[in-house]
Amino acid sequence: MHRRQAVSPRAHPRRSGFAACLFGATPCWVTPAWSREASMAGIAYDIVGVYLQEIAVLAVALGLLVFGVGVAALLVRIRARAAEVQARLLDDAIAVRAERDRAIAMLLSEPMVVVTWAAGGGQPSILGDTSFIVGEAPRERVLAFGSWLEPDKAQSLERAVATLRQSGEAFSMALMTPAGRAIETDGRAIGGCAVLRLRDVTGIKRELAEANLKLEKLSGATETLRALVEALPAPVWVRDVDGSLLYVNPAYVRAVEAKDAADAVTRGIELLERPHREQARAARAAGKTYAVRAPTVVAGSRRTFEVVDVPSRRGSAGIAFDVTQEENLRRELQRMAEAHRRTLDQLATGVAIFGADHKLVFYNAAYRLLWDFDAAFLDQAPTDSEVLERLRAERKLPEEQDFRAWKAALHEAYRATESKEQQWFLPDGRTLRVVTTPNPQGGVIYLFDDVTERIDLARRYDVLIRVQRETLDNLVEAIAVFGSDGRMRLHNPAFARMWRLDSNALSERPHVEAVISWCRMLYGDDAIWRRLRAAVTAIDDRAPVCGRLERKDGSVVDLTTVPLPDGATLVAFLDVTDTVNVERALRERNEALEAANKLKINFIHHVSYELRSPLTNIIGFAHFLREPATGPLNDKQREYLGYITASTQALLALINDILDLATIDAGVMELNIGPVDIRRTMHAAAEGVRDRLVRDAIKLEIKASPDIGSFNADERRVRQILFNLLSNAVGFSPAGGTVTLSAERRSDAIVFSVHDRGPGIPPDLLGRIFDRFESHPLGSRHRGAGLGLSIVRSFVELHGGTVEIDSAVGRGTTVICTFPLAQEEKLTAA
């Protein structure tokens with residue numbers, strides 16, 4: 001049917017203007033009044049044009065009339081023909097509809113659903129009975145594939161349908177619903193439409209669909225297994241019935257260092273050594289699985305594999321797991337276990353391990369010795385209950401009223417998750433610390449520790465601490481102990497009293513800085529506090545600090561610090577005010593006595609020097625008076641002159657002794673060292689007291705070996721020593737007594753001794769017997785200035801020797817002088 005095109009009025013201006021004139025529009029000849037000078041020629045031209053247009057219009061109208069008549073006749077003829085065509089088409093449509101109904105009936109003669117999607121989109125058309133798929137659910141539910149298929153199958157069908165609708169790609173699938181119904185699915189593009197056919201499969205087709213489904217599953221599983229085998233790090237191989245290789249995975253190829261799997265199969269490169277291959281072949285022949293842990297060489301290194309070879313009807317398959325690291329770890333674990341066992345055997349703590357079956361699996365030597373068990377009994381792996389029963393029979397367990405309940409509570413450790421500690425007080429007085437620890441592999445580990453001595457030590461330590469606490473609290477000294485962190489650990493009341501501190505503040509463990517700041521109120525010198533702070537807080541140099549503090553209140557305190565082994569520091573303050581005051585008084589008195597003694601000595605020395613010159617003159621003149629040249633003397637004059645000579649000689653000896661002591665005190669005494677004949681010197685000293693011996697009828701005994709020889713010393717001083725000793729002995733000896741002078745040569749010294757049988761020296765005087773001007777007659781005739789023994793000791797000590805006195809009241813006195821021979825050599829060299 002053709003459409004008539006509309007003609008725009010602008011295409012024919014004249015026709016439109018003429019038409020406008022016909023329909024009463026503004027006359028085309030009406031023009032604007034341009035001017036009065038318009039020419040008449042133009043008007044005539046317009047009139048002629050109007051007539052021509054009217055003629056044309058009439059001609060057109062006549063043509064239209066003729067055309068309308070022809071068209072009407074044609075329309076009648078066409079209508080008749082259209083009626084005929086319509087009748088024929090109606091018959092064709094009825095035939096097509098019948099054919100379609102027959103086709104649908106044939107199509108739906110078996111359970112089937114056909115879904116059609118038009119090319120332009122829109123809602124799909126669903127034909128057929130959907131009950132065999134979705135049951136009583138609405139028909140549209142058949143397109144919800146996930147409601148009647150497994151998720152993976154539903155996703156596959158959805159993707160196939162989407163591809164069919166987009167690109168017309170056909171597909172065919174065999175599906176199985178969860179209910180066990182087989183569905184055959186076809187997708188086709190027909191007549192520009194996407195058609196999906198779902199058909200229930202029965203009979204052979206159903207079996208074929210199920211077989212295809214199984215094949216698909218098996219293929220997928222096979223692919224998965226193959227991918228898994230290919231990815232396994234363990235070598236895998238498959239053999240045929242003859243034992244030849246059919247397949248190896250990449251791990252096998254790497255293990256045997258082949259080019260690829262085909263190369264390993266073609267060349268038949270074996271992973272295992274011949275003995276293991278023969279054993280595997282024998283196992284396959286017997287239809288048994290072969291499993292062994294076999295060492296082999298892989299890539300030039302020795303490895304250990306766990307091999308499993310499984311036979312089948314068509315051959316066998318095997319796999320080898322590399323257990324080298326596991327084997328090394330197992331051996332290392334065994335070595336560690338043995339080392340731990342040896343270590344546990346060295347422990348003093350008894351260790352017993354019971355397995356999950358309550359049987360003894362390990363014990364150490366300390367456990368056996370603790371309970372005095374026989375090793376044969378323990379090696380039989382007794383149960384926990386048997387061990388306890390035996391210990392109970394031997395009265396080695398704590399005395400319990402309900403032993404069964406106690407044992408059941410102890411065996412709770414087999415079901416516990418944490419360790420538990422107990423103390424057993426045994427009848428023999430021992431105390432055991434028992435720890436039960438669950439074993440991760442099952443069972444219980446018992447630890448027995450004899451803490452009897454530890455508890456006793458702790459008890460005694462507590463007593464000691466209490467005694468120490470009481471002792472510190474009752475000490476006069478102020479004691480404080482500071483820890484390694486500088487904080488006070490303990491103090492006694494004397495410390496708080498001495499420094500006037502609050503006990504509550506001290507009990508809060510103040511830092512040494514705070515304690516020093518409190519103590520500065522009584523003593524403000526920072527130097528001693530800095531030393532104390534360093535002694536308390538120092539790490540390396542913890543030298544003790546000692547000092548004396550004269551506080552503002554007039555008291556004097558001695559400070560002493562003692563580093564303790566645990567890093568703490570003990571600080572002790574002792575109030576020595578009274579001691580200092582007494583010391584000061586004693587020092588002042590001593591200084592006064594020393595000054596007086598010095599003055600006395602100086603006076604004596606001065607007087608001695610001053611007296612020696614006139615005394616020498618008196619002695620000289622007395623000697624001259626005895627000479628006959630000076631004239632005769634009567635008896636009385638001669639007697640008086642004898643008295644003068646004796647007195648002057650005694651006074652001269654006293655002055656000489658004082659001068660010798662002064663020389664020794666001044667440190668300028670020199671010894672004239674030379675050989676000293678011992679026997680001759682002894683006799684020379686005895687000659688000095690011969691007159692006194694005769695006068696008092698005292699006997700002198702000289703004892704010395706004839707071959708005693710000599711030694712190096714100052715002979716004059718040795719003779720003076722012996723003379724002074726003999727003078728004292730004669731002076732203290734009773735009339736008719738005996739004095740003994742003896743000499744003895746020893747391996748290292750020459751020893752002189754003088755013994756008298758006088759009254760002896762009382763013990764209270766022995767300590768002062770060598771002091772100067774100490775003279776005690778002790779009821780004897782002896783008189784003197786008390787310088788003899790002092791000079792003796794000084795001269796002996798100048799020779800490097802010693803002087804000893806052995807005396808007792810009623811049995812006399814013995815003075816022993818020892819001259820060491822080693823010192824003799826030094827004096828000789830000097």
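Conditions tested, residue by residue: (1) under 30 Å from residue 466 (Cα atoms); (2) open to solvent by 30 Å² or more (accessible area, probe 1.4 Å); (3) at pLDDT below 90.
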{"site": "486", "(1), (2), (3)": "yes, no, yes"}
{"site": "494", "(1), (2), (3)": "yes, no, yes"}
{"site": "566", "(1), (2), (3)": "yes, yes, yes"}
{"site": "591", "(1), (2), (3)": "no, yes, yes"}
Of those in the range 261-301 that are of a type in the set (D, E, K, R) and without any contact (Cβ under 8 Å) to a residue 12 or more places away in the chain, the residue nearest to residue 230 (Cα to Cα) is 263
Taking the range 506-529 and the residues there that are closer than 18 Å to residue 485 by Cβ and among the aliphatic types (A, V, I, L, M), the one that is surrounded by the most Cβ atoms within 10 Å (Cβ to Cβ) would be 515
Counting only residues in the range 396-433 that are under 27 Å from the mean Cα position of the chain (by Cα) and in a strand (DSSP E or B), the one farthest from residue 454 (Cα to Cα) is identified as 420
The condition from (1) in a loop (DSSP other than H, G, I, E, B); (2) open to solvent by less than 80 Å² (accessible area, probe 1.4 Å); (3) free of Cβ contacts under 8 Å to residues at least 60 places away in the same chain that residue 442 misses is numbered (3)
Check your understanding: In this structure, is residue 323 surrounded by 15 or more Cβ atoms within 10 Å (Cβ to Cβ), of a type in the set (A, V, I, L, M, F, W, C) and touching a residue at least 40 places away in the same chain (Cβ under 8 Å)?
Key -> no
- Task: Taking residue 222 as the residue in question, decide whether it is open to solvent by 90 Å² or more (accessible area, probe 1.4 Å), more than 21 Å from residue 307 (Cβ to Cβ) and β-branched (Val, Ile, Thr).
- Result: no
Restricted to the range 558-567 and to residues being among the hydrophobic types (A, V, I, L, M, F, W, C) and in a strand (DSSP E or B), the residue nearest to residue 499 (Cα to Cα) is 559
Wholly inside the range 469-557, strands (runs of 3 or more DSSP E) that include 2 or more residues that are within 17 Å of residue 569 (Cβ to Cβ) and among the aliphatic types (A, V, I, L, M) are 478-482, 488-491
With criteria (1) within 18 Å of residue 439 (Cβ to Cβ); (2) of a type in the set (Asp, Glu); (3) part of a helix (DSSP H, G or I), residue 386 comes up short on (1)
Could we say that residue 533 is basic (Lys, Arg), surrounded by 12 or more Cβ atoms within 10 Å (Cβ to Cβ), touching a helix residue (DSSP H, G or I) at 6+ places or on another chain (Cβ under 8 Å) and without any contact (Cβ under 8 Å) to a residue 60 or more places away in the chain here? yes
For the range 400-424, pairs from a residue that is acidic (Asp, Glu) to a residue that is part of a helix (DSSP H, G or I) and open to solvent by less than 90 Å² (accessible area, probe 1.4 Å), with Cβ under 6 Å and 6 or more apart or across chains, are 400/406
The correct count of residues that are more than 16 Å from residue 498 (Cβ to Cβ) and loosely packed, with under 12 Cβ neighbours inside 10 Å in the range 568-582 is 2
Of (1) under 24 Å from residue 321 (Cβ atoms); (2) surrounded by 14 or more Cβ atoms within 10 Å (Cβ to Cβ), residue 244 fails just (2)
Item checked: Residue within the range 796-813 that is modelled with pLDDT under 80, outside any loop (DSSP other than H, G, I, E, B), among the aliphatic types (A, V, I, L, M) and more than 28 Å from residue 738 (Cβ to Cβ) present -> no
Result of the Cβ filter at 8 Å on the range 370-382, keeping first residues that are without any contact (Cβ under 8 Å) to a residue 60 or more places away in the chain and in a helix (DSSP H, G or I) and partners that are aromatic (Phe, Trp, Tyr) and surrounded by 11 or more Cβ atoms within 10 Å (Cβ to Cβ), at least 6 apart or interchain, is 378/363
Residues in the range 354-365 that are over 13 Å from residue 382 (Cβ atoms) and in contact (Cβ under 8 Å) with a residue 60 or more places away in the chain total 1
Out of (1) polar (S, T, N, Q); (2) open to solvent by 40 Å² or more (accessible area, probe 1.4 Å); (3) in contact with a helix residue (DSSP H, G or I) (Cβ under 6 Å, 6 or more places away or on another chain), the one residue 249 does not meet is (2)
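The values are calculated or read from the model by the stated rules, or taken from the named source; none is laboratory data. Model, not experiment: these values are computed from the prediction. Heads up, the Cβs are rebuilt from the backbone with ideal geometry, glycines too, and the neighbour counts pull from every protein chain shown. Only protein heavy atoms, including side chains, enter the accessible area calculation; ligands, DNA and RNA are left aside. Shrake-Rupley method; radii C 1.70, N 1.55, O 1.52, S 1.80 Å.
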